[in-house]
Each structure stands twice: as structure tokens, then as C-alpha cells.
Amino acid sequence: RRRVAVLISGRGSNMAALLEAAAAPGFPAEVALVLSNRADAAGLAHAAARGVATAVVESRPHGRDRAAHERAVQSVLEAHGIELVCLAGYMRILTPWLVGRWAGRMLNIHPSLLPAFPGLDTHQRAIAAGCTLHGCTVHLVTEEMDAGPILAQAAVPVLPGDDPDTLAARVLAQEHRLYPLALRRVAAGAGWAADPGAAPGAAPESDLWAD
Ligand code: GAR
């Protein structure tokens, strides 16, 4: 089973979904570490209560020195023998240095149907744009933010009267389903290529009206 680190900054509900999925017999990955850049991330207690190793690598002591923070993150990942990284609400922009070390082995979940709405406030922006479909994307992390190869997507309707919170909740339910599915695929692959299309059986997963 591939040793996975899940990187969080807060609530950690996607991390919890990955933990639950990975506990099932036959799942090709185990969550070996939950790492947060914030000591107050609620998800840390959830992981610890389930017997998963946790680590906090705060960015503040490193000030503006992103490289120093990332070197600290990388050394914790190496110390835990991590093979795959899942970003799950990890609210830091990564430098090419760290991304390069994990090319093809670092996944992210983003709350929009990429390439629409990279960045923040995705639900509000989808409503403001008049979208009737919205959703979430799991992709490989590359140097450009929210722009790596898409591994899986799930769509939900935008309903009349939605506000960002109601829409976020509908999307989040799909995130919790989609991320384990994408991780399963990547972890089960014989190897993982930067181009998911290069891996046998790795056609992008997608769902419309997933419920
Ligand atoms: C999730 O909705 C995730 O897609 C989003 O943050 C939330 C984290 O929730 N990620 C991003 O916006 C990344 N730019 P969680 O901590 O409960 O998993």
C-alpha cells in the first residue's frame, strides 16, 4: 500500500474522507501522515484520534522564506517514507522546488470544475457568473496553480436561491466521494506519470449530476 501524506490547513473534512476510504480492505493506499501548516487545524485532532501520525510545520517561523518552510515539509515527508501527497484544503502556494520533487505524485482537490474558477471564492464566483453547473476537480499539482492534469471531476447543479454556503455544501459532498476515488486510481497505478493519459486505465473520471 502506498504511503500517503495528507496536507491540510483547517477543517480537514476531505482528509477525513480519505482516511475512511483508506481504512477499507483492499484500498491501495494508507494515510501514513497528516501534516498541517497550522497548529490549530481542526483536522489534526481527528487524525490523531484515529491513530494517524500528525505533524505541524508552521510557516510563520520561516517568515517570507517559502523555500525554508518547504524544506522543512519535505524532510518530514521523507522521514515518514511518504510516496504520494494529497493536498486537502492546504492553503499555501507551493514553489516549483517542492512541486518538482513530487511531480506526478502530488494531488490536489479544488472546489470548481477546472479550468473554470481557479483560486479562491469559487462558489461565489460560479453563482455570480450564472453557472448552472459547478463542482470539484482532483488534479495533479504542477507549477501553475490549479492547472495540472485533471484526474477526476464531479458536477452538481447550481439551484435557484443558492448562496455560496449552500452551493459549497453540495460540492463538498461530492469532494468527499471524488477524492478517494482519484487517490485509489493513482495509488493502484503501476507507476504514475505526469500525464495521466499515459497510464493504462487512467482515463479521467467524471460524473454529471452525481447524485
Ligand atoms: C475544500 O472545499 C477544498 O476543495 C478547498 O478547501 C476546502 C477544504 O475543506 N480547497 C481549496 O480551496 C484549495 N484552493 P476541508 O478542510 O474540510 O477538506
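The values are calculated or read from the model by the stated rules, or taken from the named source; none is laboratory data. The model shown is predicted, which means the values in this text are computed figures rather than measured ones. Because the Cβ atoms are built from the backbone with ideal geometry, glycine has one as well, and the counts that use them run over all protein chains shown. Surface areas here come from the heavy atoms of the whole protein model, side chains and all, with no ligands, DNA or RNA. Shrake-Rupley method; radii C 1.70, N 1.55, O 1.52, S 1.80 Å.
Has the range 159-169 got at least one residue that is at pLDDT below 55 and open to solvent by less than 60 Å² (accessible area, probe 1.4 Å)? Steps first, please.
Going residue by residue through the range 159-169, those that are at pLDDT below 55 are none.
Within the range 159-169 (the criterion being at pLDDT below 55 and open to solvent by less than 60 Å² (accessible area, probe 1.4 Å)), the answer is no, since none of the residues qualifies.
Can you tell me which residue among VAL85, VAL34 is in contact with a helix residue (DSSP H, G or I) (Cβ under 8 Å, 6 or more places away or on another chain) and farther than 18 Å from ARG185 by Cβ?
Numbers: VAL85 fails: farther than 18 Å from ARG185 by Cβ.
None of the other options fit; the residue is VAL34.
Of all residues in the range 120-158, how many are within 13 Å of the ligand (Cβ to nearest atom), assigned to a loop (DSSP other than H, G, I, E, B), hydrophobic (A, V, I, L, M, F, W, C) and open to solvent by less than 60 Å² (accessible area, probe 1.4 Å)?
Of the residues in that region, 2 qualify.
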